[in-house]
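Here's the structure we're looking at; comments come further down.
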Amino acid sequence: MKVKLISFTQAGGILCRRLQRELNLLGFEAEGCCKYAVPELKLLTETIGTYTKRAFENGEAMVFIGAAGIAVRAIAPNIRSKDCDPPVLVIDEKGKYVIPILSGHLGGANRLAVRMAKILSAEPVITTATDIGGKFAVDVWAQDIGCHIANVENIRHISAAVLREEVIGLYSEFPVEGHVPAFLCESDKPAAGICISARYKQCFTHTLHLIPRQYVLGIGCRKDTPYEDMLDFVNSLLDRQGIQPFQLCAVASIDLKAREKALLQLSKYFKVPFCTFSPQELSQVPGCFTKSDFVEKTTGVDNVCERAAVKAGNGSLITGKCSHRGITAAIAINEWRCRFENTTGIFGS
């Protein structure tokens, strides 16, 4: 996760620098800035509004070190919807409190708050009812098991039923494994329920529709392939196969393409990880694939797109190699299951 840290005083800058260091050690891509010169931090020379707008456009988490009012005014013009807004947090400059103020569940602000609070020995101020009650958070669970929420507006019906301790319906076209919570039942009698299906079904009066992300796009391309050409080709391929973009769980290729701009933009556009593998790893993927002597001489493996698609999710190839203007792509489907492991809020057991 990319995290933008912004501070407004010398004291805030020192705290900002500490968080930048610690978050980067934990594997985040953290970048801190301050209105005053602080070693290791970027100097904030643009307006807070401009800085915030760009972070929102890039889908980057934002951490404001200072007054909550500054953060609220900065983010207000950019807020759109809970399923697309990035996480936003506020920390006082003494590092006593860490407060998620936007996208607590789907964006991961609540979890990020807990991690940052541990770094600072601070108190995470979580206000989400399901989290503070240690109860089932359906949007967090859906994200954890790799599902797209098709109708986020119905999350509230499930959460309200959970807080009222009512029975919630469950319909799944996929195998269910793990310990299913007692309040979930495979019945169509409850008013509110969860439907897990590749296609929408009105199973309950208030149906929350979850669509598994079970497809991997394997792709290869010539160096400096135009992003627009790649996006048009991929969208056309997905459309022909009847696959929605939100059903993708990863974009995969060979490690030689790890920094290919068009591929990086593609994974960012689809909001999925970009996975790359060495020629040796790809050559060891079992199965029958379309071979190319040219590709083998160039990359060290006889096929990139098909092998990468299968490798990324241990799935099965459903669309073989397709080519267009120096781009090759293939699609694999993963065996997806509805899993129940830890289903409580971030403070639950």
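The values are calculated or read from the model by the stated rules, or taken from the named source; none is laboratory data. Predicted model only: the values in this text are computed from it and were never measured. Glycine gets a Cβ as well: all are built from the backbone with ideal geometry, and neighbour counts include every protein chain shown. What goes into the accessible areas is simple: the full protein's heavy atoms, side chains included, and nothing from ligands, DNA or RNA. Shrake-Rupley method; radii C 1.70, N 1.55, O 1.52, S 1.80 Å.
General observations
- Rounded FRET efficiency, nearest 0.05, which uses the C-beta distance separating LYS42 from ILE132 and R0 of 30 Å: 0.25
- Once the gyration tensor of the Cα atoms in the stretch 189-317 is diagonalised, the equivalent ellipsoid follows with semi-axes of 33, 16, 12 Å, ordered largest first.
- Magnitude of the charge dipole for the chain, about its Cα centre and with charges confined to Cβ atoms of Lys, Arg (+1) and Asp, Glu (-1), is about 640 debye.
- Kirkwood Rh (inverse of mean 1/r, distinct Cα pairs), the stretch 45-97, angstrom: 11.5 Å
- Computed over neighbours whose Cβ is under 13 Å from that of VAL310, the net charge equals 0, Lys and Arg +1, Asp and Glu -1.
- Cβ-defined net charge surrounding VAL167, 13 Å radius [Lys, Arg +1; Asp, Glu -1]: -2
- Solvent exposure of the stretch 203-291 amounts to 50 Å² per residue of accessible area, where only protein heavy atoms count and the probe is 1.4 Å.
- Residues in the stretch 1-31 reached by a label modelled at ALA67 [backbone nitrogen below 20 Å; 7 Å Cα→Cβ]: 6-16
- Listed residue (GLY107, LEU210, THR290) projecting farthest to the positive dipole end of the chain, Cβ model: GLY107
- Most fluctuating residue given options THR205, THR328, THR47, as computed from a GNM of the chain linking Cα atoms under 10 Å: THR47
- Global geometry of the stretch 112-256, whether rounded, prolate or oblate, following the gyration tensor of its Cα atoms and the 1.5 cut on a/c: oblate
- Over every Cα atom in the stretch 219-275, the radius of gyration and the widest Cα-Cα span, Dmax, amount to 10.8, 30 Å.
- Annotation: amide H of ALA252 within the under-5 Å range of LEU217, GLY218, ILE219, CYS275, sequence separation 5 or more or interchain, hydrogens built in the peptide plane.
- Extending 7 Å from the Cα toward the beta-carbon at both GLN280 and THR205 defines two label points whose distance is 6.1 nm.
- For the chain, a Gaussian network of Cα nodes joined below 10 Å ranks ARG17, ARG339, ARG222 by mean-square fluctuation, and the top entry is ARG222.
- You can think of it this way: the chain between GLU57 and ARG21 has 10.5 nm of extra reach, that is 0.36 nm per residue less the Cα-Cα gap.
- Computed E for ASP188/GLN244 - FRET, C-beta separation, R0 25 angstrom, nearest 0.05: 0.50
- Nonlocal amide H pairs with THR328, under 5 Å, H built at 1.01 Å: GLY220, CYS221
- Out of every Cα-Cα pair that the chain contains, those further apart than 29 angstrom amount to 50 percent.
- Split the accessible area of the stretch 21-154 by element, probe 1.4 Å, and carbon with sulfur accounts for 52%.
- Neighbourhood charge, 15 Å Cβ-Cβ cut-off, centred on TYR97 and excluding it, Lys, Arg +1 and Asp, Glu -1: +1
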